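Peer 1: Here it is, the structure in full.
Read the figures in this text as sums done on the coordinates, not as results from a lab. Because the structure is a prediction, the values reported are computed rather than measured. Here Cβ is always computed from backbone atoms with ideal geometry, including for glycine, and neighbour counts include all displayed protein chains.
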Amino acid sequence: MEVENDPEMRVIILTGAGRGFCAGADLSVGGKSTFSGKNRPQRKETNEKTQSSNIEKYLKLKKPVIVAINGPAIGTGITMILPFDIRIASESARIGIVFNRRGVIPEIASPWLLPRIIGISRVAELMYTDRIINAKEALEFVLVSKVVPDDKLKETAHKIAEEVLLCAPVSVALTKKMLYQFLLETDILEAEKINNKYF
């Protein structure tokens with residue numbers, strides 16, 4: 001990502017253009033042809049050892065990412081932002097992990113990430129039912145950290161960014177690295193060793 005090498009850019013704010021955040025994949029074709037080969041995007045063959053996934057790129061990004069959900073975030077619209085750091089929502093936001101009713105499974109490692117964010121029981125409810133929740137429910141589920149009036153969303157995102165900018169960039173980058181690294185660490189003593197290495 002270009003932002004990674006730009007020392008002037010220390011915090012990233014991601015939001016949608018227009019009335020919605022992201023409505024997910026286009027399933028308008030409908031029926032059996034929706035997932036037929038001719039309607040799928042063509043992918044080039046790549047060497048798995050040299051081709052890193054998007055989620056790997058997101059998790060390795062040293063700079064904090066604030067996601068401002070300004071409307072519907074459905075399907076990929078929500079799963080693609082789970083690897084990012086801070087999620088806030090406008091009151092009009094609607095969130096749905098809607099895959100099962102369409103005969104597909106959740107992607108972008110969301111079955112791994114989401115239980116670590118909101119807990120297995122809440123994930124099961126959202127993924128098994130495909131229920132679309134409003135911003136207040138998303139806050140109760142701890143899927144977002146704040147819900148604000150629609151006209152205050154951008155301002156709130158910028159205020160959080162300004163608070164991050166008060167901190168040392170290297171400290172923030174190392175803290176972010178440890179947060180995600182420790183998601184995989186089960187031994188607290190090993191975590192302490194890693195922590196001390198960075199300190």
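Peer 1: In terms of modelled amide H atoms, which long-range or inter-chain residues lie less than 5 Å from the amide H of K146?
Peer 2: Those lying under 5 Å, H to H, from K146 are A89.
Peer 1: Pull out the extension gain between V170 and N195, defined as 0.36 nm times the separation in residues minus the alpha carbon to alpha carbon distance; nm, one decimal.
Peer 2: Going from the current span to full extension adds 7.6 nm.
Peer 1: When the chain is fully extended, how far beyond the present Cα-Cα distance does V3 get from D187, taking 0.36 nm per residue of separation?
Peer 2: The span from V3 to D187 would gain 62.9 nm if fully extended.
Peer 1: What ranking do 179-191, 73-85 get when scored by the average of other Cβ atoms within 10 Å per residue, highest first?
Peer 2: 73-85, 179-191
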